[in-house]
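Everything below concerns the one structure shown next.
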């Protein structure tokens, strides 16, 4: 049995460390609290994330700021139509020994050999190059000349994608998007936030960031996330959300069959639980509640639920489907926290 006092202390330490990380990012990034939290959850859960938003919303700046707040190796790749797989993974080059004159092939590692990789505008490169990155994301290694070379641990891919420019782009298929733990939607700032952005970016003062988490501490925090217990009612809630999103399932409500072509697979429920564990720790708890699952569900599900033509004709988005799915899926009272549990139990 685990010591409850140690569990509480571990959760408090986790909260403190990642709160300092949030504060560092907040020195540069104005607002976007939900986006920042979801990025932190992805790191803590050892998952990859893709940020989708129109140009000018500081997606690249957000990821680079996060990288500067972490004592990790960071690389950035600007994806272009002429980018080749070897430009990402590396390639074998001819090497000549200056003393003996002997020639041999040597593998020169590409930018994917890093702790954190920013894949900027990932939909601007052909599928062949995308596949090289996606394989590295899944296997966490690169194969060259028949040899597998493991990537550093930890390894994250934080990708960005522009949803409005479609000419000259290669949208990631649903099976490729499934490799990402989160699809994070980045929206416009409020009027007050936009005014603060102008104050910070049009002056002479430059923010200095401190690295608050190193490799060893981050790996330890990731292991802590895995050790957080999850009660059966919470697991069943995650399973119910995933199963109800599948057209043709006996559990699916009528609107799913009306609006959805393809629903979320088992990886969605896995990721909801992992992200829920990270969120519980981030909020100072060493147990997962259904509220945690509900909070992370949109970012986990929005790229795993494919709406059909009928939904698009009615202006129904994947987020709208998820919101209704959550509304119509009842969590067991034992998996809830706080006032919500009191309201259901009364």
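The values are calculated or read from the model by the stated rules, or taken from the named source; none is laboratory data. No experiment lies behind these values; they were computed from the predicted model shown. A quick note on method: Cβ atoms are made from the backbone with ideal geometry, for glycine too, and the neighbour counts reach across all protein chains shown.
Of note:
- Number of the exception - residue 118 against (1) part of a strand (DSSP E or B); (2) farther than 19 Å from residue 150 by Cα; (3) touching a residue at least 24 places away in the same chain (Cβ under 8 Å): (2)
- Residue match in the range 267-282 (condition: free of Cβ contacts under 8 Å to residues at least 40 places away in the same chain, in a helix (DSSP H, G or I) and over 16 Å from the mean Cα position of the chain (by Cα)): no
- The single condition among (1) closer than 18 Å to residue 34 by Cα; (2) touching a strand residue (DSSP E or B) at 6+ places or on another chain (Cβ under 7 Å) that residue 272 does not satisfy is (2).
- Answer from 264, 297 - the residue that is assigned to a helix (DSSP H, G or I), closer than 26 Å to residue 40 by Cα and touching a helix residue (DSSP H, G or I) at 6+ places or on another chain (Cβ under 7 Å): 297
- Residue count for the range 116-129, restricted to those that are under 17 Å from the mean Cα position of the chain (by Cα) and under 10 Å from residue 172 (Cβ atoms): 2.
- Yes/no for residue 76 being outside the structural domain of residue 268 (by TED's automatic domain parsing), surrounded by fewer than 20 Cβ atoms within 10 Å (Cβ to Cβ) and modelled with pLDDT of 80 or more: yes
- Among the residues making up the range 23-32, a single one is part of a helix (DSSP H, G or I) and in contact with a helix residue (DSSP H, G or I) (Cβ under 6 Å, 6 or more places away or on another chain): 25.
- Some residue of the range 152-162 being on the phi < 0 side of the Ramachandran plot, modelled with pLDDT under 80 and in a loop (DSSP other than H, G, I, E, B): yes
- The set of residues from the range 55-96 being touching a residue at least 12 places away in the same chain (Cβ under 8 Å), assigned to a loop (DSSP other than H, G, I, E, B) and farther than 17 Å from residue 111 by Cβ comprises 55, 57, 58, 69, 81.
- Lone qualifier among 112, 142 - being part of a strand (DSSP E or B) and in contact with a helix residue (DSSP H, G or I) (Cβ under 8 Å, 6 or more places away or on another chain): 142
- Flag if residue 20 is farther than 17 Å from residue 196 by Cβ, in the same structural domain as residue 152 (by TED's automatic domain parsing), outside any helix (DSSP H, G or I) and modelled with pLDDT of 85 or more: no
- The number of residues in the range 196-216 that are within 16 Å of residue 63 (Cα to Cα) and touching a strand residue (DSSP E or B) at 6+ places or on another chain (Cβ under 6 Å) comes to 2.
- Filtered residues of the range 209-235 (kept if without any contact (Cβ under 8 Å) to a residue 24 or more places away in the chain and either surrounded by fewer than 11 Cβ atoms within 10 Å (Cβ to Cβ) or farther than 24 Å from residue 18 by Cβ (or both)): 216, 223, 232
- Here residue 206 does not qualify as loosely packed, with under 14 Cβ neighbours inside 10 Å and assigned to a helix (DSSP H, G or I).
- Evaluating residue 99 against the criteria (1) in a loop (DSSP other than H, G, I, E, B); (2) in the same structural domain as residue 128 (by TED's automatic domain parsing) leaves one unmet condition, (2).
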